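The values are calculated or read from the model by the stated rules, or taken from the named source; none is laboratory data. From a predicted model like this one, the values you see are computed outputs, not experimental measurements. Using ideal geometry, Cβ is built from the backbone for each residue, glycine included, and neighbour counts are taken over all protein chains shown.
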Amino acid sequence: MTIFLTGGTGFIGEKLALRLADTGDTVHVLHRSTSDTRRLRHQRIRLFEGDILDPESIGRAVRGCEQAYHLAAWAGVKPKSRQDIWEKNVIGTRNVVQTALKERVDRIVYASTAGVFGPCEDGCIDEETPLKTDFYNEYERSKSTVEEEVLEMARSNGRIVVVNPSRVYGPGQLSQSNGITRLIKCYLEGTWHIIPGNGSNIGNYAFVDDVVAGMMAAMEKGIPGERYLLGGMNASYDELFRILVEVTGMKRFLVRLPESVMIVAAHVMVFMTDRFGGAPMITPALVRKYCRDWRVSSVKACRDLGYRMTSLEEGLQRTVAWLKNPEGIRESGG
């Protein structure tokens, strides 16, 4: 099988590319000229320089491929501008999907986000949950907009499946899209001392290898025009840190910070990075988001795709082991 992939230099995409190549597929990875591709050196990975905003370069990379995964997106903490997010997430996705369809790719998996469903008021979010609040940031708003377009295209051509990962963590790039692993690293180093809010807010934590396997299962078994939540374990912040103490054997000093205090601190971070450069670890919008409940149900993916979820205890153990010895544990995506 020859497979086209965008986002292959990112946290999840890199693991997916290596996993596909390790299983014997030839993978065409579209990457920007500025991307670091050193970790994608593999005899079955072919690199194509281009951009999701350039349909011609997409066409060169996708030509001759039977399948396509579109993972590339803007997924940082603070964008240069609203236009930057919408160009990459909306226009870029249109370009990739339309070009892949034009080149007669048999199957397309588009990676959206669980954030398009919004937080839960009671129970768990599932694929039928209607959005009940406004979005907390332009990333979620842009992903929701283009997801609707992709689903409409799927209804007319029957070749596209959508997956919606939740908070993905695990061994891999310590990029802005791997924020939970960065938090764990800071905890290990003794530089993280905050429990958001009162510690009771629920998040859903998906181990990266599960998500990679879920994407591959969606390609093989997913019903075109359907979407599948690729989540993991629902846990409060108190539970997350309790397990982290057990896994690491380290009990750090932690303080609960009210949402109002965190918002003020986030404003200060944004001001400082705007003035002196760099990216803030969190923004006021993200504080508001992460001080809500985000319970996720992956029952549909488990039932239809055979999706399996690693326990939070095991996922954190594997992540901590990798952080302590990143060179000693190979990351293959599976």
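List the pairs whose first member sits in region 165-191 and is more than 13 Å from Ile12 (Cα to Cα), whose second member is surrounded by fewer than 20 Cβ atoms within 10 Å (Cβ to Cβ) and hydroxyl-bearing (Ser, Thr, Tyr), and whose Cβ atoms are under 9 Å apart, counting only residues at least 6 apart or on separate chains?
Arg182/Ser175; Ile184/Thr248; Lys185/Thr191; Tyr187/Thr248; Leu188/Thr248
Kindly indicate whether any position in region 269-278 is of a type in the set (A, V, I, L, M), touching a Pro at 6+ places or on another chain (Cβ under 9 Å) and more than 21 Å from Glu140 (Cα to Cα).
The answer is yes, given that some residue of region 269-278 is of a type in the set (A, V, I, L, M), touching a Pro at 6+ places or on another chain (Cβ under 9 Å) and more than 21 Å from Glu140 (Cα to Cα).
Would you mind finding the one in Asp274, Asp304 that is acidic (Asp, Glu) and within 24 Å of the chain's Cα centre (by Cα)?
Asp304 is the lone residue from the list that is acidic (Asp, Glu) and within 24 Å of the chain's Cα centre (by Cα).
What number of residues within region 283-295 satisfy the criterion of being buried (at least 17 other Cβ atoms within 10 Å of the Cβ) and either assigned to a helix (DSSP H, G or I) or in contact with a Lys or Arg (Cβ under 9 Å, 6 or more places away or on another chain) (or both)?
The total comes to 8.
With surrounded by 15 or more Cβ atoms within 10 Å (Cβ to Cβ), more than 21 Å from Asn178 (Cβ to Cβ), touching a helix residue (DSSP H, G or I) at 6+ places or on another chain (Cβ under 6 Å) and modelled with pLDDT of 95 or more as the only criterion, which of His70, His28 stands out?
The conditions single out His28.
Quick check on my filter: what residues within region 98-125 are assigned to a loop (DSSP other than H, G, I, E, B), farther than 17 Å from Gly7 by Cβ and within 20 Å of the chain's Cα centre (by Cα)?
Of everything in region 98-125, those that are assigned to a loop (DSSP other than H, G, I, E, B), farther than 17 Å from Gly7 by Cβ and within 20 Å of the chain's Cα centre (by Cα) turn out to be Gly118, Pro119, Cys120, Cys124.
Arg39 versus (1) at pLDDT 95 or above; (2) farther than 17 Å from Ile108 by Cβ: which is the lone unmet condition?
(1)
Here's a check for you: in region 50-87, which residue that is without any contact (Cβ under 8 Å) to a residue 40 or more places away in the chain and touching a Phe, Trp or Tyr at 6+ places or on another chain (Cβ under 9 Å) is nearest to Met1 (Cα to Cα)?
Arg60
Scan region 4-25 residue by residue and report those that are surrounded by fewer than 24 Cβ atoms within 10 Å (Cβ to Cβ) and within 20 Å of Asp106 (Cβ to Cβ).
Within region 4-25, Arg19, Ala21, Thr23, Gly24, Asp25 qualify.
Looking at Arg308, Arg330, can you tell me which residue is part of a loop (DSSP other than H, G, I, E, B), of a type outside the set (Val, Ile, Thr) and at pLDDT 95 or above? Full working, then the answer.
Details: Arg330 fails: at pLDDT 95 or above.
Sole residue among the options that is part of a loop (DSSP other than H, G, I, E, B), of a type outside the set (Val, Ile, Thr) and at pLDDT 95 or above: Arg308.
Restricting to region 131-154, give me the number of residues that are in a helix (DSSP H, G or I) and free of Cβ contacts under 8 Å to residues at least 40 places away in the same chain. First the steps, then the outcome.
Taking region 131-154 and keeping what is in a helix (DSSP H, G or I), we get 138-154.
Now drop any that are not free of Cβ contacts under 8 Å to residues at least 40 places away in the same chain, which leaves 140-141, 144, 148, 152.
Within region 131-154, residues that are in a helix (DSSP H, G or I) and free of Cβ contacts under 8 Å to residues at least 40 places away in the same chain number 5.
When you check Glu128 against the structure, is it out of contact with any Ser or Thr (no Cβ under 7 Å at 6 or more places or on another chain), in a helix (DSSP H, G or I) and either within 29 Å of Arg295 (Cβ to Cβ) or among the charged types (D, E, K, R) (or both), yes or no?
On the way: out of contact with any Ser or Thr (no Cβ under 7 Å at 6 or more places or on another chain): yes; in a helix (DSSP H, G or I): no; either within 29 Å of Arg295 (Cβ to Cβ) or among the charged types (D, E, K, R) (or both): yes.
When the stated conditions are applied, Glu128 does not pass them.
For region 103-120, state whether one or more residues are of a type outside the set (Gly, Ala, Ser), closer than 27 Å to Arg63 by Cα and exposed (fewer than 14 other Cβ atoms within 10 Å of the Cβ).
yes
Quick check on region 227-237. Is at least one of its residues of a type in the set (Lys, Arg), buried (at least 22 other Cβ atoms within 10 Å of the Cβ) and either out of contact with any Lys or Arg (no Cβ under 8 Å at 6 or more places or on another chain) or under 21 Å from Lys143 (Cβ atoms) (or both)?
yes
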